[in-house]
Amino acid sequence: MKNSLSGWYVACIMAPTLTMKEYLATYQGWRPCIEWCEDHFGRAYERNEYEPARWRFVSEGVFEFQEEKDRTLFLLRWAS
């Protein structure tokens, strides 16, 4: 799906956690996905006008990507 307001590609997934404690800790449950995105796509914020962010963590289970191919790679890795 493409966000009609921002033009970014949206990926929605369930948290990849194993314990209820991790699931209830909002940010911690998404840490594996966030770290994976940082490893593959760089940091989630814009460093400067010449290096815009390729992705961002929007909220519980919602990630957005500038490129459709990045969203597809993310979904192949984390969607189940």
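The values are calculated or read from the model by the stated rules, or taken from the named source; none is laboratory data. None of these values were measured; they are calculated from a predicted model. Here Cβ is always computed from backbone atoms with ideal geometry, including for glycine, and neighbour counts include all displayed protein chains.
Look through the range 1-54, keep the residues that are over 17 Å from the mean Cα position of the chain (by Cα), polar (S, T, N, Q) and in a loop (DSSP other than H, G, I, E, B), and return whichever of them is modelled with the lowest pLDDT.
Going through the qualifying residues, I end up with THR19.
Across the range 61-80, what is the total count of residues that are touching a residue at least 40 places away in the same chain (Cβ under 8 Å) and assigned to a helix (DSSP H, G or I)?
7
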